[in-house]
Amino acid sequence: MTLNFPLLLVIAVAVCGVLALIDLLLLAPRRRTAIAAYQGSVSQVDPQVLQKLAREPVMVEYGKSFFPVLALVLVLRSFLVEPFQIPSGSMKPTLEVGDFILVNKFSYGIRLPVLDSKVIEVGNPQRGDVMVFRYPSDPAVNYIKRVVGLPGDHVRYSSDKRLFVNGQPVAETLLGDEPGSLGSARLFSEKLGEVEHQVRKEMRRYRIEPDREWVVPAGYYFMMGDNRDNSNDSRYWNDPAIPLALHGMVPDRNIVGKAFAVWMSWPEPKLSHLPTFARVGLIH
C-alpha cells in the first residue's frame, strides 16, 4: 500500500485545527470560569490548584503546538516547493541517483492539495523543462522527465537516436565519450526550446528501434529522460487501460511541478557514505 503523504498531512492539519478551535470556543472559557470560581471561593489562592485548573488537556496541548508547524508545511509543500529524491539514472547526466531536488509547485498553476485540481492559472510547461508528474498508469508514483512535446506537437524519434519536433531536428552537438564508458556511451549537448542541456546515448546499438512518431493531444505532454537509452518514458508506456491515442502522454492534471535545483546528493544513504553538496546547483 502506497502512503498518501499529502492526504495524511491534510488530515493532521485538520485534526490539530479542530482541537485548537474546540479549546478556543469551549474548553478555554470553561477553564477561565473554573479559575474565577475558585479564586472567589478562597481567601488565599493555591498556585498548584490554579495550575491544575488552567492546564490544557494533553491532546489539545499537542494539537495547538503542532497546528502552526503542520499548516506551514502544508502551505509550503502544496503551493510553493516540494522536495524529492532521484531514485534512478533515467535523467543522467542532468540528475544522478541520490540527488535531492526541489520542485516549484507554483510554476504551472496553483492546485488544491489531495484533489490536485488547478484553481489559479500561473503558467504552463515549456519545451525543455524538467518536470515531476504522477505516472499515468499509477498516479501514486512520481516520475521526473524532460518535457519534449507540448499540446499539438508532432514528435518523432528515429532509429539513429535523433529527436525531431514538428518536423525539425532538435539541435545537438557531440561533446565526447562519457568518462569511464570506454566509448560505449556518448554525451551530447541538446537544445529544446530555450533550454540547453546534456543527454546521454548508448553507442552499442543494442536498442535499435524503428522510427516512431506521436502527436500530442490538447491538455497532454510528451516526456523523455535525458539518459535516452535507459529511460522508461513516453516512448514506451503502453497501458491497455488507456486509449491508444493517449499512450505515453502525461495529462495536465498529473503535473506536480517544475524541478529547479539540486540541494544535496546522497547516492548511498549510510554512515560510510555521507551526503555531498558538490552537485548543488540549478537544473537545466
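Some values worked out for this structure:
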item: Residue 263 in contact with a strand residue (DSSP E or B) (Cβ under 7 Å, 6 or more places away or on another chain) and in contact (Cβ under 8 Å) with a residue 24 or more places away in the chain; result: yes
item: Test for residue 186: is it out of contact with any Pro (no Cβ under 8 Å at 6 or more places or on another chain), in the same structural domain as residue 104 (by TED's automatic domain parsing) and charged (D, E, K, R); result: yes
item: Residue in region 95-107 that is over 16 Å from the mean Cα position of the chain (by Cα), crowded, with 16+ Cβ neighbours inside 10 Å and not basic (Lys, Arg) present; result: no
item: Every residue from region 60-77 that is out of contact with any helix residue (DSSP H, G or I) (no Cβ under 6 Å at 6 or more places or on another chain) and crowded, with 19+ Cβ neighbours inside 10 Å; result: none
item: Residues of region 202-221 satisfying the condition of being crowded, with 17+ Cβ neighbours inside 10 Å and out of contact with any Leu (no Cβ under 8 Å at 6 or more places or on another chain); result: 202, 214
item: Any hit, region 121-142, residues being surrounded by 13 or more Cβ atoms within 10 Å (Cβ to Cβ), in the same structural domain as residue 227 (by TED's automatic domain parsing), farther than 20 Å from residue 256 by Cβ and charged (D, E, K, R); result: no
item: Residue in region 16-27 that is on the phi > 0 side of the Ramachandran plot, surrounded by 15 or more Cβ atoms within 10 Å (Cβ to Cβ) and either in contact (Cβ under 8 Å) with a residue 40 or more places away in the chain or among the basic types (Lys, Arg) (or both) present; result: no
item: Strands (runs of 3 or more DSSP E) wholly inside region 73-164 containing at least 3 residues that are over 21 Å from residue 237 (Cβ atoms); result: 81-85, 99-104, 118-120
item: Matching residues in region 245-258 - criterion: being surrounded by fewer than 20 Cβ atoms within 10 Å (Cβ to Cβ) and modelled with pLDDT of 90 or more; result: 246, 247, 251, 252, 253, 254
item: Residues of region 48-61 satisfying the condition of being touching a residue at least 12 places away in the same chain (Cβ under 8 Å) and either β-branched (Val, Ile, Thr) or assigned to a helix (DSSP H, G or I) (or both); result: 50, 53, 54, 59, 60
item: Test: residue in region 155-166 that is surrounded by 12 or more Cβ atoms within 10 Å (Cβ to Cβ), out of contact with any Leu (no Cβ under 6 Å at 6 or more places or on another chain), within 25 Å of residue 104 (Cα to Cα) and at pLDDT 95 or above; result: no
item: Selection count, region 172-191, where residues are loosely packed, with under 12 Cβ neighbours inside 10 Å and of a type in the set (Gly, Ala, Ser); result: 3
item: Residues of region 269-278 that turn out to be surrounded by 10 or more Cβ atoms within 10 Å (Cβ to Cβ) and outside any strand (DSSP E or B), as a count; result: 3
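Yes/no per residue for (1) modelled with pLDDT of 90 or more; (2) in contact with a Lys or Arg (Cβ under 8 Å, 6 or more places away or on another chain); (3) over 30 Å from residue 258 (Cα atoms):
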residue	(1), (2), (3)
5	no, no, no
10	no, no, no
20	yes, yes, yes
47	no, no, yes
62	no, no, yes
67	no, no, no
72	no, no, no
81	no, yes, no
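The values are calculated or read from the model by the stated rules, or taken from the named source; none is laboratory data. Keep in mind it's a predicted model, so treat the numbers as computed, not measured. Counting neighbours? That spans all protein chains shown, and the Cβs are built from the backbone with ideal geometry, glycine included.
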